Amino acid sequence: MFGTVVEVTVVDGDAMLAREAVGRVFREFDRMHRELHAWKAGELVALNRAIASGKENIRTTKEITALIRETQRLAARSGGLFNPAIGRLVGLWSFHRDKPGGPLPDPGEIARIVRADPRLSDLSVQGDAVTSRNPAVQLDFGGYAKGYALDRAADLLRESGIKDALVNIGGNIMALGDHAGRPWRVGLDSPRGEGFLATLELKDGEATGTSGDYRRYYKIDGKRYAHIIDPRTGYPVAGVQSVTVLVPKQAGAGALSDAASKPIFIEGLRGWRNAALRMGISQAMLVDSEGVVHVTPELKARLVFRNPELVAGAAKK
């Protein structure tokens, strides 16, 4: 679901209760996958078509209007770098396909969309009605939906009486409780090659999100084009392999862990720390194009690296 592999692990003495709870989570994920899909028929696609046609007061679901409001706040905090309104650009780069690939889009068309400057602030919401002052807006919650789903899963599991669980949506992970008396331990993928870059122990309610150039990408003439697009240029971001953030237990921790990694990734090596601060993130890690790891002291203290020499500033033997 959500274009990736989803895993839910539950520790509970009542196996039937656990199975019922996990089934409830997956049914909810299936619903979200259909209704919030960015390019297959559903509520979100219907809304985008109506926006493109110039309609006003477009009726949609309460869930979508709530998502618009929530992501508007995050977009404002990010300075516009977290921008779910650039679905046209995402589609232009062929990431609205199950298997993305070439040919490369026309530079003139990229420039046209960038000039149109679609933003979430172009949308106004009244009740369950949406109006856009910019027909170039096309919503794509792909940079938010996995984190949003983590929060929904945590709520459903708790409502079902589950205290100890781990939800993993393609590397976006939330922990509930612990794993039979010890912390949940997760691995952070190495952006290149196999295995883990580092391991991390998660506390109850913590969420971690990773954005990388190695999950949805394609290569043309040896150049990698990944799915994270800079709304300022209209082009996929280069110079960064991955960004990971860790969010402490709080309301919306999953959603924040997904959204916050995007502006940090887009700002790249020069501005990633300031981007993290803008998003309220103190625990973040960036792997640059050379595979060098840059990490905040707060997160570094929590990580066990497979190869500590990859960390910037590490003493070389």
Query raised in the report: How large is the charge dipole for the chain, taken about the Cα centre, if only the Cβ atoms of Lys, Arg (+1) and Asp, Glu (-1) carry charge, to the nearest 20 debye?
Result: 640
Query raised in the report: Which aspartates and glutamates, on any chain, are close to Lys40 with Cα under 19 Å apart, when same-chain ones fewer than 8 places away are left out?
Result: Glu28, Asp30, Glu63, Asp98, Asp140
Requested in this report: Compute the signed sum of charges (Lys and Arg +1, Asp and Glu -1) over the other residues within less than 14 Å, Cβ to Cβ, of Trp39.
Outcome: +3
Query - Inter-label distance for Ala52 and Glu35, nm, one decimal - labels placed 7 Å from Cα along Cα-to-Cβ - result: 2.3
**Report entry** Segments 217-226, 271-280, 298-307 sorted - mean Cβ within 10 Å per residue, highest first
**Finding:** 271-280, 298-307, 217-226
Report summary line: XL table Lys99/Lys300; Lys99/Lys223; Lys146/Lys203; Lys99/Lys146; Lys62/Lys99; Cα-Cα > 29 Å flagged, in table order, is Lys99/Lys300; Lys62/Lys99
Query raised in the report: Can you give the charge dipole size of the stretch 131-208 about its Cα centre, rounded to the nearest 20 debye, using +1 on the beta carbon of Lys and Arg and -1 on the beta carbon of Asp and Glu?
Result: 140
Report task. Obtain the nm distance between the two label points defined at Lys99 and Asp128 by a simple spin-label model: each point lies 7 Å from its Cα along the Cα-to-C-beta direction. Result -> 3.9
Query raised in the report: Picking from Thr233, Ile220, Ala253, whose Cα lies most toward the positive end of the charge dipole for the stretch 214-304 (charges on Cβ: Lys, Arg +1; Asp, Glu -1)?
Result: Ala253
Query raised in the report: Using θ = phi - 60° and the Karplus curve 6.51 cos²θ - 1.76 cosθ + 1.60, what whole-Hz ³J(HN,Hα) does each residue of the stretch 57-62 get, with Gly and Pro shown as x?
Result: 6, 7, 6, 9, 7, 4
Report summary line: Simple spin-label estimate for Leu310/Lys62, 7 Å along Cα→Cβ, in nm, reads 4.6
Report summary line: By the Cα gyration tensor axes a ≥ b ≥ c (a/c under 1.5 gives rounded; else a/b larger than b/c gives prolate, otherwise oblate), the shape of the stretch 144-276 is prolate
Report task. For the stretch 1-76, give the magnitude of the charge dipole about the Cα centre (Cβ charges: +1 Lys/Arg, -1 Asp/Glu; no others), in debye to the nearest 20. Result -> 460
Query - Carbon and sulfur %, accessible surface of the chain computed with the full protein complex present, 1.4 Å - result: 50
**Report entry** HN-Hα J in Hz across the stretch 233-244 - Karplus 6.51, -1.76, 1.60, θ = phi - 60°, x for Gly and Pro
**Finding:** 10, x, 10, x, 6, 10, x, 9, 8, 6, 9, 10
Query raised in the report: With the contact rule set at Cα under 8 Å and sequence spacing of 6 or more, what percent relative contact order holds for the stretch 50-121?
Result: 31
**Report entry** Computed lengthening from Ser289 to Arg232, 0.36 nm per intervening residue step minus Cα-Cα distance
**Finding:** 18.5 nm
Query raised in the report: Accessible area per residue of the chain at 1.4 Å probe, in Å²?
Result: 46
Report summary line: Contour minus Cα-Cα span, Asp14 to Arg270, at 0.36 nm per residue, comes to 87.1 nm
Query raised in the report: Tell me, in nm to one decimal, what length is gained between Glu70 and Ile220 on full extension, where the rule is 0.36 nm per residue of separation less the Cα-Cα distance?
Result: 50.4 nm
Query raised in the report: In percent, what relative contact order does the stretch 161-317 have, based on Cα pairs under 8 Å that are 6 or more apart in sequence?
Result: 19
Query - Long-range HN-HN contacts of Ala207 with modeled amide H, under 5 Å - result: Val247
Report summary line: Note on the chain: contact order normalised by length, alpha-carbon pairs under 8 Å, 6 or more apart, percent, works out to 17
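The values are calculated or read from the model by the stated rules, or taken from the named source; none is laboratory data. Small disclaimer: the values here were computed from a predicted structure and weren't measured. Quick reminder, even Gly has a Cβ in these numbers, built from the backbone with ideal geometry, and neighbours come from all protein chains shown. The accessibility values were calculated without ligands, DNA or RNA, using every heavy atom of the protein model including side chains. Shrake-Rupley method; radii C 1.70, N 1.55, O 1.52, S 1.80 Å.
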